[in-house]
Number of protein chains: 2
Amino acid sequence: MNNPKVVILGAGYGGIMTTVNLQKSLGVNDANITLVNKNDYHYQTTWLHETAAGTIHHDQTRIPIKDVVNSKVNFVQDSVVEIKPDENKVVLENGELSYDILVVGLGFESATFGIPGLEENAFMISNINSARLIREHLEHNFALYHNEEEKNPARLNIVVGGGGFTGIEFVGELANRIPELCEEYDIDKSLVRIINVEGSPTVLPGFDPALVEYAMNSLESRGVEFITGAMLKECKPESIVYEKDGKQVEVPTKTTVWAAGVKANSIVEQSGFQTNRGKVEVKSDMRAPDYDNVFVVGDCALIMNPENERPYPPTAQIAIQQASTVAHNIKAMIQGQELESFEFISQGTLASLGHNDAVGVVFNKYKLFGWKATFMKKMSDNRYLLKLGGLGLMFKKGKFNFFY
Amino acid sequence: MNNPKVVILGAGYGGIMTTVNLQKSLGVNDANITLVNKNDYHYQTTWLHETAAGTIHHDQTRIPIKDVVNSKVNFVQDSVVEIKPDENKVVLENGELSYDILVVGLGFESATFGIPGLEENAFMISNINSARLIREHLEHNFALYHNEEEKNPARLNIVVGGGGFTGIEFVGELANRIPELCEEYDIDKSLVRIINVEGSPTVLPGFDPALVEYAMNSLESRGVEFITGAMLKECKPESIVYEKDGKQVEVPTKTTVWAAGVKANSIVEQSGFQTNRGKVEVKSDMRAPDYDNVFVVGDCALIMNPENERPYPPTAQIAIQQASTVAHNIKAMIQGQELESFEFISQGTLASLGHNDAVGVVFNKYKLFGWKATFMKKMSDNRYLLKLGGLGLMFKKGKFNFFY
């Protein structure tokens with residue numbers, strides 16, 4: 001292929017790493033690379049729970065795209081409206097792009113499974129601005145509570161729907177943050193409730209039971225309440241209703257954070273790709289089964305784990321690994337060489353429980369908790385930054401507060 | 001080759017990593033591996049300056065051999081007396097071993113260049129016990145000074161000969177440790193002198209000038225005196241004599257630490273190997289030029305840097321990289337495959353200036369100083385432990401005090 005147009009949609013983990021890998025491996029005359037993203041920054045989705053709780057500033061969570069892509073890459077700040085794979089075109093809000101090779105990395109959106117009121121009344125941890133909104137909303141409510149004559153206890157009840165990864169990491173941050181807010185606004189800490197509602201019999205389903213127990217103990221000792229085996233029924237402006245053991249319970253709250261469901265960006269399905277659960281079940285070389293010049297990466301791609309015949313969960317780790325394969329295969333296509341197959345190599349899973357505690361498994365054999373897990377988690381965050389933008393970026397945006 | 005006897009002499013960086021690599025890559029029936037070392041532990045030569053200053057406990061610096069080698073490896077605790085390469089034999093103090101393949105990793109010994117009195121009166125940072133002796137000697141002298149009626153100022157003058165890597169890292173640790181000792185023994189800090197004597201016009205010769213300046217400023221601000229362009233002339237029991245600008249100066253001291261010269265273990269030369277500056281100039285596959293079944297690794301091996309036609313300095317980094325090639329080539333020899341050539345890939349050089357400051361260059365482009373350099377230095381120490389003995393060893397013996 002002679003100087004093909006490569007268009008990458010989305011600057012999440014999959015999209016930005018594909019771009020950075022390509023700008024390293026391709027020369028200026030090998031391809032014309034264009035990255036499209038609605039913001040002029042990449043952000044760390046896996047850090048949003050910290051931004052939302054207010055334990056890190058949102059500027060640490062986001063990285064200007066110009067800091068990591070160089071002049072080999074054209075950057076278009078725009079939103080994708082539709083992909084027309086039969087015409088090799090992408091419709092943007094403010095224009096249209098044609099491509100020879102396309103990479104779809106459009107990420108996720110929240111899924112509310114039709115639970116009444118969630119869409120309107122719950123907060124979501126989906127992007128920098130929705131996370132900032134949670135932070136501001138919490139502070140605002142604590143400020144109002146402090147000042148109002150007739151205290152509204154709904155301001156101090158924080159309900160988090162979902163005890164998966166995001167939900168647990170978020171309540172962990174809240175457990176660190178709430179005591180600070182209470183001190184700031186002179187509020188008795190014991191009046192605040194952090195309530196985690198999870199449908200399964202346990203939080204962090206799929207995790208090692210000993211680590212789940214450690215996580216729950218750590219969080220409960222810092223004031224988190226768990227309500228497991230409970231389904232959210234309705235989210236109202238001033239309360240939430242859940243059902244447990246056949247009984248419905250209503251908790252007054254002005255803050256419900258929904259962290260229990262994501263789905264692939266619906267543009268993918270709307271653009272006519274063949275999908276499975278809203279995602280493109282990619283071939284082993286990461287291409288869409290029906291279009292040989294379209295790669296799909298990250299949360300929009302579905303890959304089956306051959307060990308248990310279930311899809312790999314959508315994580316930053318798998319997106320970053322996929323980006324290597326996608327970049328490699330784009331280069332191979334351009335040079336007329338053979339494409340390689342993607343193979344996921346799990347480096348482990350670590351869930352933070354606030355800034356000074358965590359649990360997880362690394363290298364497929366070491367169970368970790370406490371400071372060792374926190375250390376490995378922060379080091380893995382730093383390693384990503386090193387990969388993305390070198391030592392300079394790592395020291396600028398990394399996490400070095402290992403033990404405070 | 002059918003189940004050959006592989007004997008590795010020395011459990012320094014080169015020897016222990018060769019052993020660990022071999023036990024990973026070879027099966028029990030591929031070879032009979034024997035490691036010989038005079039102690040039942042491996043120690044981190046690059047941490048000895050900390051052990052000597054007393055800023056870390058010697059047990060953090062050493063690692064029991066049984067913690068990192070498994071039952072595939074026979075361990076013999078003994079001292080090597082002589083190698084008989086023509087007979088494929090090694091003479092030990094308490095026995096004799098025959099081998100099919102030999103790895104010589106016998107490390108360094110101090111070189112005093114015939115300076116009178118050094119051998120008898122100076123301390124050396126060569127192994128765990130010589131480092132512990134310095135620590136004890138320092139404490140003993142501070143204790144005596146505190147208690148003696150007629151104060152002997154020679155007890156409070158510490159002279160370090162050599163402003164290379166070891167000398168600078170050692171005075172950096174002293175600059176941290178001395179104030180603690182002064183407080184402990186109720187001694188006025190301003191009475192203590194830490195004097196670094198270096199023959200070259202500058203310390204850390206070969207380092208980037210801006211980083212050298214940073215290092216000297218950092219150390220001087222913490223009380224270190226530098227006397228550069230000065231040659232040690234004599235080391236007496238209660239003083240040291242140096243010559244600078246044609247004038248001789250005598251400094252009363254009970255503590256001279258010689259950190260200016262190392263040479264390869266003299267057993268190598270005495271055993272009849274063809275040597276260059278006391279080392280074996282190995283072939284590109286790390287074998288001795290005159291014996292096809294003898295590999296030499298670490299400080300006993302000499303390899304020319306093709307860029308400047310000078311030998312690579314003997315460092316832990318190069319020894320660890322050589323160990324990969326040696327282990328690979330031993331396996332290749334056993335399986336009748338082709339041997340690979342060693343190629344040194346510099347990951348950078350970092351010199352610590354005490355536990356909370358450092359200078360250096362990493363990835364061949366980033367100049368670092370201050371906390372970033374300290375962080376990278378400690379992470380590189382941790383990475384070695386991870387390589388040597390896994391996550392368990394890293395967390396047990398690693399350095400995690402990044403910022404205090």
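Hey, does the range A:359-370 have a residue that's of a type in the set (F, W, Y), assigned to a helix (DSSP H, G or I) and facing chain B (nearest Cβ under 8 Å)? So far as the range A:359-370 goes, no, none of its residues is of a type in the set (F, W, Y), assigned to a helix (DSSP H, G or I) and facing chain B (nearest Cβ under 8 Å). Sub-6 Å Cβ pairs linking a first residue in the range B:295-318 that is assigned by TED's automatic domain parsing to the domain that holds B:S284 to a second residue that is β-branched (V, I, T) and part of a loop (DSSP other than H, G, I, E, B), at least 6 apart or interchain, are B:V296/B:V282; B:A301/B:V282; B:Y312/B:I303, ordered by first then second residue. In the condition set (1) at pLDDT 95 or above; (2) farther than 30 Å from A:I187 by Cβ; (3) basic (K, R); (4) touching a helix residue (DSSP H, G or I) at 6+ places or on another chain (Cβ under 6 Å), A:R132 is compliant with all but (2). Within the range B:273-282, not a single residue is modelled with pLDDT of 95 or more and closer than 27 Å to B:E213 by Cα.
Somewhere in the range B:182-194, is a residue open to solvent by less than 30 Å² (accessible area, probe 1.4 Å) and touching a residue at least 60 places away in the same chain (Cβ under 8 Å)? Checked against the condition, which is being open to solvent by less than 30 Å² (accessible area, probe 1.4 Å) and touching a residue at least 60 places away in the same chain (Cβ under 8 Å), the range B:182-194 yields no hits at all.
For the range A:214-228, the candidate set comprises residues that are among the hydrophobic types (A, V, I, L, M, F, W, C) and in a strand (DSSP E or B); within that set, the residue that is farthest from A:E169 (Cα to Cα) is A:I227. All conditions but one from (1) over 18 Å from B:E269 (Cα atoms); (2) under 15 Å from the mean Cα position of the chain (by Cα) apply to B:L106; the one that does not is (1). So, B:I168, is that one more than 25 Å from the chain's Cα centre (by Cα) and crowded, with 18+ Cβ neighbours inside 10 Å or not? No, not satisfied. The residues of the range A:291-314 that are within 16 Å of A:Q44 (Cβ to Cβ) and touching a strand residue (DSSP E or B) at 6+ places or on another chain (Cβ under 8 Å), listed by number, are A:D299, A:P314.
Residue by residue through the range B:376-390, note down the ones that are crowded, with 21+ Cβ neighbours inside 10 Å and within 12 Å of chain A (Cβ to nearest Cβ). B:M376, the sole residue that qualifies. Among the listed residues A:V241, A:V257, identify the single one that is of a type outside the set (D, E), over 30 Å from A:L350 (Cα atoms) and either in a strand (DSSP E or B) or in contact with a strand residue (DSSP E or B) (Cβ under 9 Å, 6 or more places away or on another chain) (or both). None of the other options fit; the residue is A:V241.
Table: residues versus (1) within 18 Å of A:L339 (Cα to Cα); (2) open to solvent by less than 40 Å² (accessible area, probe 1.4 Å).
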position: A:E269; (1), (2): no, no
position: A:T275; (1), (2): no, no
position: A:E281; (1), (2): yes, no
position: A:P289; (1), (2): yes, no
position: A:N293; (1), (2): yes, yes
position: A:V297; (1), (2): yes, yes
position: A:P306; (1), (2): no, no
position: A:R310; (1), (2): no, no
position: A:Q317; (1), (2): no, no
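When the helices (runs of 4 or more DSSP H) confined to the range A:9-66 are screened for residues that are touching a residue at least 24 places away in the same chain (Cβ under 8 Å) and open to solvent by 10 Å² or more (accessible area, probe 1.4 Å), those reaching at least 3 such residues are found at A:13-25.
Every test in (1) surrounded by fewer than 19 Cβ atoms within 10 Å (Cβ to Cβ); (2) without any contact (Cβ under 8 Å) to a residue 40 or more places away in the chain; (3) within 14 Å of chain B (Cβ to nearest Cβ); (4) not in a loop (DSSP other than H, G, I, E, B) is passed by A:A373 save one, and that test is (1). Looking at B:V160, B:V103, just one residue is in a strand (DSSP E or B), assigned by TED's automatic domain parsing to the domain that holds B:D40, in contact (Cβ under 8 Å) with a residue 60 or more places away in the chain and within 27 Å of B:T46 (Cβ to Cβ), and that residue is B:V103.
Regarding the range A:138-148, can at least one residue be identified that is among the hydrophobic types (A, V, I, L, M, F, W, C) and free of Cβ contacts under 8 Å to residues at least 40 places away in the same chain? Can you show your working first?
Residues of the range A:138-148 among the hydrophobic types (A, V, I, L, M, F, W, C): A:138, A:142-144.
Still in the list and also free of Cβ contacts under 8 Å to residues at least 40 places away in the same chain: A:144.
The answer is yes; a qualifying residue exists.
None of B:Y242, B:Y214 is open to solvent by less than 70 Å² (accessible area, probe 1.4 Å), over 25 Å from the mean Cα position of the chain (by Cα) and within 30 Å of B:G360 (Cα to Cα) except B:Y242. The set of residues in the range A:319-346 that are in a helix (DSSP H, G or I) and touching a residue at least 60 places away in the same chain (Cβ under 8 Å) comprises A:A319, A:I320, A:Q322, A:A323, A:S324, A:V326, A:A327, A:H328, A:I330, A:K331, A:M333, A:I334. Within the range A:391-404, the set of residues being open to solvent by less than 20 Å² (accessible area, probe 1.4 Å) and either touching a strand residue (DSSP E or B) at 6+ places or on another chain (Cβ under 8 Å) or not in a helix (DSSP H, G or I) (or both) comprises A:L391, A:L393, A:G398, A:K399, A:F402. Scanning the range A:217-227 for residues being open to solvent by 40 Å² or more (accessible area, probe 1.4 Å) and without any contact (Cβ under 8 Å) to a residue 40 or more places away in the chain gives a total of 4.
The values are calculated or read from the model by the stated rules, or taken from the named source; none is laboratory data. As the structure is a prediction and not an experimental result, all values here were calculated from the model. Positions of Cβ are generated from backbone atoms using ideal geometry, with glycine treated the same way; all protein chains shown enter the neighbour counts. Areas reflect the complete protein model, heavy atoms only, side chains present, ligands, DNA and RNA absent. Shrake-Rupley method; radii C 1.70, N 1.55, O 1.52, S 1.80 Å.
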